[in-house]
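Take a look at the structure set out below.
The values are calculated or read from the model by the stated rules, or taken from the named source; none is laboratory data. Note that the structure is predicted; figures quoted are calculated from it, not measured. Don't worry about glycine lacking a Cβ; one is built from the backbone with ideal geometry, like all the others, and counts go over all protein chains shown.
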Amino acid sequence: MTNKATAVHLAAFRNTWYTPGRSPVVRAAWFLAGLPLLRSSWLPFSGLRAALLRLFGARLGRRPVIKPGVRVKYPWLFEAGDDCWIGEDAWIDNLAAVRLGNDVCISQGAYLCTGNHDWSDPAFGLIVKPIEIGNGAWIGAKAILAPGAGAGECAVVAAGSVVSRPVPPFEVHAGNPAVFVRPRVIRTASNLHTASDPNSNRTLRTVTHS
């Protein structure tokens, strides 16, 4: 039987091949000043948090909503399109790039993890993979996206789910591990297949991805 006390040697861990893409000075400035400000409730407006992220290299679209408590490991590896919402205590743990399309909602406490370890390696080698989330997708509260996972256009990851691979467009996935639950149906303005909109007098129709 393998001696479990000696099968793994964490002292042999090396990540010298990995570079986060900015100098030690920039990284120190972010972790010591930028990140605490981003997470603080002392910044009352999303626009100030967005400006702070942009100052450190994030590429953000128009009208972002960024709540207090949000964590972004490396802003220069973070990109979001127009009208994205990021809820309280969401964690963008981006050792690799995280890219959000337009109209993406990342709910409270969601964890987007781009770093992992090779559990078959005695030295527990580092693995990094990017995460991409398509236009109109919703990542529910406390959901976890593993490295290389993501969500296609208008996909939904239900609250508390654990996702290890990309969720196809216009699908709702839930659970641990997350599995397909149902197609996502979205109403759009039209005179076909009418349904009432509780918030307006518009006529709507239901559509799904084809």
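A few notes on this one:
A quick yes/no check of all residues on (1) more than 30 Å from N135 (Cβ to Cβ); (2) among the hydroxyl-bearing types (S, T, Y):
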residue: A7; (1), (2): yes, no
residue: P20; (1), (2): no, no
residue: R27; (1), (2): yes, no
residue: G34; (1), (2): no, no
residue: S46; (1), (2): no, yes
residue: L53; (1), (2): no, no
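- Evaluating P36 against the criteria (1) more than 21 Å from I144 (Cβ to Cβ); (2) assigned to a loop (DSSP other than H, G, I, E, B); (3) without any contact (Cβ under 8 Å) to a residue 24 or more places away in the chain leaves one unmet condition, (2).
- Among residues that are out of contact with any His (no Cβ under 9 Å at 6 or more places or on another chain), touching a residue at least 12 places away in the same chain (Cβ under 8 Å) and not acidic (D, E), S41 is included.
- One residue alone among V25, V8, V70 is closer than 30 Å to F124 by Cβ and without any contact (Cβ under 8 Å) to a residue 12 or more places away in the chain, and that residue is V25.
- Tabulated pairs, segment 152-176, first over 10 Å from G134 (Cα atoms), second part of a strand (DSSP E or B) and of a type in the set (D, E, K, R), C-beta under 8 angstrom, 6+ apart or interchain: V156/E171; P166/E132; E171/R182; V172/R182
- Only one of the numbered conditions (1) assigned to a loop (DSSP other than H, G, I, E, B); (2) surrounded by 13 or more Cβ atoms within 10 Å (Cβ to Cβ) is not met by L52, and that is (1).
- Residue that is among the small types (G, A, S), surrounded by 18 or more Cβ atoms within 10 Å (Cβ to Cβ), at pLDDT 95 or above and under 11 Å from the mean Cα position of the chain (by Cα), where the choices are A155, A146, A178, A174: A146
- Segment 142-158, residues that are under 19 Å from R71 (Cβ atoms) and among the hydrophobic types (A, V, I, L, M, F, W, C): A143, I144, L145, A146, A149, V157
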